[in-house]
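Note sheet for the following structure.
The values are calculated or read from the model by the stated rules, or taken from the named source; none is laboratory data. Predicted, not measured: the structure shown is a model, and the values here were computed from it. Every residue, glycine among them, receives a Cβ derived from its backbone with ideal geometry; neighbour counts consider all protein chains shown.
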Amino acid sequence: MHDLVIKAATVYDGSGTAARRADVAVDDGRIVEVGPTSGAAREVVDADGLALMPGIIDTHTHYDAQITWDPMLNPSPSLGVTTVIMGNCGFTIAPCRPTDRDLVMRNLTHVEGMSLESLRSGIDWSFETFPQYLDALERRGVGPNVACFVGHSSVRTFVLRDDAPRRAATAEEVAQMRALVVEGMKAGACGFSTTRNMQHNGEAGIPMPSRLADEQELLALSSALKESGRGVLMMTKDATTPMPFIEQLAQGAGRPYLVAALLHSEMTPESTFEDLEHIEAAHRRGNRLYGAVSACPLTFEFTLHEPYVFEGLREWQRLMKMDAAALKATLSDPAFRQSVKDELAVPQRRLFNGDWKKMFVTQVAKPQNKSLEGASIHDLARAASRHPLDFMLDLSLGEGLDTLFTGTLLNSDEEAVGRLLRDPNSIVSLSDAGAHLTFLCDAGFGLHLLGHWSRDLHALSTEHAVRKLTAEPAALFGIRDRGAIAPGKAADLLLFDPASVGRGKSQRVFDLPAGASRLTTPGLGVHGVWVNGERIADADGIVKHAPMPGRLLREFAS
Ligand SMILES: [Zn+2]
């Protein structure tokens with residue numbers, strides 16, 4: 001008697017080979033048969049007309065705080081995700097001394113797009129070291145399977161305390177940080193992550209600590225993975241981080257390097273492809289670099305109270321430290337406006353490059369402005385014979401900065417993004433699930449790849465799309481027993497209707513600790529999601545579950 005048989009599905013096994021009609025039988029959380037199955041089952045799911053694939057592996061999430069109050073990691077499982085990698089970009093919450101908790105939360109509030117109040121009332125701080133953090137997650141149980149990076153900014157804050165976002169480290173401090181990375185890897189981390197990105201700031205524009213690291217520190221911490229002989233290095237770089245340096249880090253550690261974020265920019269259309277060319281050349285030199293690419297256009301909803309999209313501009317850095325009155329005064333200042341216009345006149349790979357056609361008024365605060373909703377700043381400014389920046393700032397100032405804007409900033413040229421998605425050295429990633437919660441929700445990136453890119457645009461076959469979401473990330477992270485439908489593999493499964501699969505419209509919900517809001521998207525065409533053989537989601541979303549079916553992953557192939 002099998003625990004579960006999914007009958008007559010079109011099976012995409014993750015390898016990229018042609019789909020075939022088969023039954024899949026599951027016992028004790030593992031796949032035991034693929035093909036015609038024998039014997040009865042406690043649960044039979046008729047999957048005629050539906051597609052079955054391994055559960056999606058989301059390699060770029062930021063659930064590190066959320067997981068302590070929501071181990072189900074809403075909404076990812078309802079969007080077909082059965083394994084998440086947390087701690088990307090070095091933003092983690094362990095190790096952390098009790099006295100530094102507020103400092104760490106103040107850093108997270110900005111990049112995670114979550115209020116300090118939510119983090120304060122939400123995070124369960126029942127740990128201090130990284131190994132204790134993993135133990136705490138495991139004790140409590142996890143919904144999907146979870147793997148964690150050791151994060152550079154946490155390690156740096158643990159050693160340098162208040163100086164972490166201020167200065168370079170001494171040789172002694174670097175040695176202490178390196179010991180923490182080694183300790184984390186021994187405890188079961190999946191690798192070491194960091195960021196160099198100008199966009200990554202804590203509260204009041206304080207840079208994320210890892211941005212202060214010099215080359216020696218990065219070399220020393222990355223090479224800690226050489227000792228463990230396993231794990232992945234990951235970095236969110238910025239336009240000024242040279243690829244040869246990243247390759248040097250990969251070579252020093254002898255480990256694969258996942259380079260984020262290779263988002264296509266129409267202002268510098270060749271730069272992501274140049275990065276991928278460097279990555280391909282690195283492989284020929286024996287260095288395993290991969291580019292993290294995204295299936296989603298990068299879209300932000302924001303107000304000028306906290307305009308994340310502008311904060312990558314040099315001229316905007318000082319505004320992050322201002323109170324409301326000083327902020328409003330500066331936004332009205334013609335000299336400030338001119339300096340922003342001048343900076344935007346020099347195209348660079350950054351979040352916002354002055355492409356006003358892709359900046360929209362989403363929701364106005366005053367009824368008399370209602371007619372502006374849905375229009376682009378470009379069109380509105382032209383009609384008013386104003387510079388777009390002046391138009392946008394004046395509109396916002398006139399509404400107490402409460403005007404809601406949407407910027408479709410990067411990754412919206414579908415021909416170019418299709419090429420990025422198909423690149424043999426790209427990893428389809430960058431959902432940022434658990435971060436930027438007030439601005440966007442791309443947790444449904446996998447369903448979007450299957451529906452939009454594969455079914456609608458034919459940018460890649462469904463077999464290829466499935467491999468990109470499953471076997472490729474599993475191989476990169478050394479997750480041996482997942483990312484494939486085959487006897488002996490863990491029963492992480494996604495059953496979907498290929499005719500309707502996709503992600504729904506984003507919605508604002510108010511369910512964060514302290515009642516704060518976040519954006520979420522429903523899955524479309526999802527019929528069932530299983531983690532280790534237990535159903536975790538169905539067509540209506542997440543299924544309540546006790547005990548939690550996921551595993552904390554601590555063992556990775558070398
Ligand atoms: Zn990130």
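General observations
- If the condition is being away from the ligand (no atom under 16 Å from the Cβ), polar (S, T, N, Q) and within 19 Å of residue 288 (Cβ to Cβ), then segment 219-253 contributes 222, 223, 228, 248, 251.
- Whether a residue is closer than 30 Å to residue 515 by Cβ, outside any strand (DSSP E or B) and either of a type in the set (Lys, Arg) or under 18 Å from the mean Cα position of the chain (by Cα) (or both) was assessed, and residue 408 does not pass this test.
- For segment 424-456, the candidate set comprises residues that are more than 16 Å from the ligand (Cβ to nearest atom) and assigned to a loop (DSSP other than H, G, I, E, B); within that set, the residue that is surrounded by the most Cβ atoms within 10 Å (Cβ to Cβ) is 444.
- Conditions (1) β-branched (Val, Ile, Thr); (2) in a loop (DSSP other than H, G, I, E, B); (3) under 17 Å from residue 296 (Cβ atoms): number failed by residue 485: (3)
- Out of 554, 508, sole residue that is without any contact (Cβ under 8 Å) to a residue 60 or more places away in the chain and either in a strand (DSSP E or B) or under 28 Å from residue 27 (Cβ atoms) (or both): 508
- Residue list for segment 526-558, restricted to those being in contact with a Ser or Thr (Cβ under 6 Å, 6 or more places away or on another chain) and either over 15 Å from residue 497 (Cα atoms) or surrounded by fewer than 19 Cβ atoms within 10 Å (Cβ to Cβ) (or both): 531, 541, 542
- Filtered residues of segment 58-80 (kept if within 19 Å of residue 530 (Cβ to Cβ) and either part of a helix (DSSP H, G or I) or within 16 Å of the ligand (Cβ to nearest atom) (or both)): 58, 73, 76, 77, 78, 79
- Criterion applied to 371, 339, 385 was being outside any helix (DSSP H, G or I) and either free of Cβ contacts under 8 Å to residues at least 24 places away in the same chain or more than 16 Å from residue 304 (Cβ to Cβ) (or both), and the one residue passing it is 385.
- Test: residue in segment 130-150 that is part of a loop (DSSP other than H, G, I, E, B) and either over 18 Å from residue 63 (Cβ atoms) or charged (D, E, K, R) (or both): no
- Among the residues of segment 262-288, those that are among the small types (Gly, Ala, Ser) and surrounded by fewer than 24 Cβ atoms within 10 Å (Cβ to Cβ) comprise 271, 281, 282, 286.
- Of the residues making up segment 223-261, just one is part of a loop (DSSP other than H, G, I, E, B), within 19 Å of residue 477 (Cα to Cα) and of a type in the set (A, V, I, L, M), namely 261.
- Restricting attention to segment 108-124, the residues that are within 16 Å of the ligand (Cβ to nearest atom) and assigned to a loop (DSSP other than H, G, I, E, B) total 2.
- Some residue of segment 53-71 being within 26 Å of the chain's Cα centre (by Cα) and without any contact (Cβ under 8 Å) to a residue 60 or more places away in the chain: yes
- Among the residues of segment 187-197, not one is under 13 Å from residue 110 (Cβ atoms) and either among the charged types (D, E, K, R) or away from the ligand (no atom under 14 Å from the Cβ) (or both).
- Criterion: at pLDDT 95 or above, under 23 Å from residue 260 (Cα atoms) and assigned to a helix (DSSP H, G or I) - qualifying residue of 395, 421: 421
- Checked against (1) outside any loop (DSSP other than H, G, I, E, B); (2) surrounded by fewer than 20 Cβ atoms within 10 Å (Cβ to Cβ), residue 480 passes all but a single condition, namely (1).
- The conditions of being under 29 Å from residue 195 (Cα atoms), touching a Leu at 6+ places or on another chain (Cβ under 9 Å), assigned to a loop (DSSP other than H, G, I, E, B) and of a type in the set (Lys, Arg) are met by residue 350.
- Where a residue in segment 259-278 is more than 13 Å from residue 412 (Cα to Cα) and its partner, wherever it lies, is hydroxyl-bearing (Ser, Thr, Tyr) and more than 16 Å from the ligand (Cβ to nearest atom), with Cβ under 9 Å and at least six apart: 271/265; 272/265; 276/426
- Pick from segment 254-305, criterion of a type in the set (Ser, Thr, Tyr) and in contact with a helix residue (DSSP H, G or I) (Cβ under 8 Å, 6 or more places away or on another chain), ranking: nearest to the ligand (Cβ to nearest atom): 294
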